[in-house]
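To start, the structure under review is shown below, and the notes come after it.
The values are calculated or read from the model by the stated rules, or taken from the named source; none is laboratory data. Bear in mind that the values here come from a model prediction, so they are computed numbers and not experimental data. FYI the Cβ positions are ideal-geometry reconstructions off the backbone, even for glycines, and counts take in every protein chain you see.
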Amino acid sequence: MLARSSTWLLQAENVLFFGPSGVGKTHLAIAITMAMIEQDQACRFFPATALVQLQQKAKASYELPAMIQKLDRYSLLVIDDISYVRRRELETSVLFELICHRYERRSLLVTSNQPFREWDEIFPSGSMTVGAVDRLVHHCHIVGIKGESYRQKAAAARVSIDTTEPPT
C-alpha cells in the first residue's frame, strides 16, 4: 500500500518500521523510497548516525537552520536505524529540531529496533523524547515486523554447510 501510492507522502504522513535487527526494515525503507522516486517524489536516505553528525557539524558552523531548510526539498526523508543514535553523542537535540521542523509539513520514514519506551536513550531529555514521538505518530503508519534475523539465518546455514564432510 505505501509503495503503490504517494498519497500519504502528499499528506505529510510518517512511516515508522519497528522490529529486531535483521528482519528487513532497511530493505523495506529502501523499497518504499525507490517506489516514491518512481512516482517523481524527491527522497533522501540517511543512516541516523550520519544524519546527526551532519546536523552537528552544521550547528557548529551556525548553519543548522539552512541545512534543515535544504532538507525540505525532499518529500520523504528516511532516517534509518534511529536507535543507534545515543544521547551520549555530542548533541542529539538536532534530531529533535528536524522532527519538529518537518511535523505536518514533510514526511519522515524512520526505522528502529527499539520501542518508543527506550527512545529516552536517544534524546537529551524525557520531554524531547515525548515531543519527538508525539509529532512522529500524530499522522503515521506504524509497521511492526517480527521474526528472526535473515543475516543470522544465512550465517547458520553457512555453518551447517561448512561443517559437513565433502562427498567421497
Given (1) within 19 Å of VAL15 (Cβ to Cβ); (2) among the β-branched types (Val, Ile, Thr); (3) in contact (Cβ under 8 Å) with a residue 40 or more places away in the chain, ILE79 misses just (3)
Scan the stretch 39-54 for residues that are closer than 18 Å to ARG106 by Cα and assigned to a helix (DSSP H, G or I) and report the count. 2
The condition from (1) at pLDDT below 95; (2) closer than 20 Å to HIS141 by Cβ that THR26 misses is numbered (1)
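Do the conditions hold for ALA35, that is, is it at pLDDT 95 or above, more than 28 Å from ARG117 (Cα to Cα), of a type in the set (Gly, Ala, Ser) and touching a strand residue (DSSP E or B) at 6+ places or on another chain (Cβ under 8 Å)? Steps first, answer last, please.
On the way: at pLDDT 95 or above: yes; more than 28 Å from ARG117 (Cα to Cα): yes; of a type in the set (Gly, Ala, Ser): yes; touching a strand residue (DSSP E or B) at 6+ places or on another chain (Cβ under 8 Å): no.
Answer is no for this residue.
Of all residues being of a type in the set (A, V, I, L, M) and crowded, with 18+ Cβ neighbours inside 10 Å in the stretch 34-66, which is farthest from the chain's Cα centre (by Cα)? Just the residue, please. Give the derivation first.
Step one: filter the stretch 34-66 for residues of a type in the set (A, V, I, L, M), giving 34-37, 42, 48, 50-52, 54, 58, 60, 64, 66.
Narrowing the set further to residues that are crowded, with 18+ Cβ neighbours inside 10 Å leaves 36, 48, 51-52, 64.
Working: MET36: 16, ALA48: 6, LEU51: 10, VAL52: 12, LEU64: 20 Å.
Checked the stretch 34-66; the qualifying residue farthest from the chain's Cα centre (by Cα) is LEU64.
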Scanning the stretch 118-129 for residues that are touching an Asp or Glu at 6+ places or on another chain (Cβ under 9 Å), surrounded by fewer than 20 Cβ atoms within 10 Å (Cβ to Cβ) and not small (Gly, Ala, Ser) gives PRO124
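Would you say VAL85 is within 26 Å of SER125 (Cβ to Cβ) and either surrounded by 18 or more Cβ atoms within 10 Å (Cβ to Cβ) or of a type in the set (D, E, K, R) (or both)? Break it down stepwise before answering.
Details: within 26 Å of SER125 (Cβ to Cβ): yes; either surrounded by 18 or more Cβ atoms within 10 Å (Cβ to Cβ) or of a type in the set (D, E, K, R) (or both): yes.
Spelling it out, VAL85 is indeed within 26 Å of SER125 (Cβ to Cβ) and either surrounded by 18 or more Cβ atoms within 10 Å (Cβ to Cβ) or of a type in the set (D, E, K, R) (or both).
Identify, please: which residue in the stretch 102-117 is charged (D, E, K, R) and part of a helix (DSSP H, G or I) and is, among those, surrounded by the fewest Cβ atoms within 10 Å (Cβ to Cβ)? Walk me through it before giving the result.
Step one: filter the stretch 102-117 for residues charged (D, E, K, R), giving 102, 104-106, 117.
After this cut, where a residue has to be part of a helix (DSSP H, G or I) as well, the list is 102, 117.
Working: ARG102: 20, ARG117: 8.
Of everything passing the filter in the stretch 102-117, ARG117 is surrounded by the fewest Cβ atoms within 10 Å (Cβ to Cβ).
Has the stretch 117-128 got at least one residue that is at pLDDT 95 or above, more than 23 Å from GLY19 (Cβ to Cβ) and not hydrophobic (A, V, I, L, M, F, W, C)?
Going through the stretch 117-128, the residues at pLDDT 95 or above turn out to be none.
No, there is no match, as no residue in the stretch 117-128 is at pLDDT 95 or above, more than 23 Å from GLY19 (Cβ to Cβ) and not hydrophobic (A, V, I, L, M, F, W, C).
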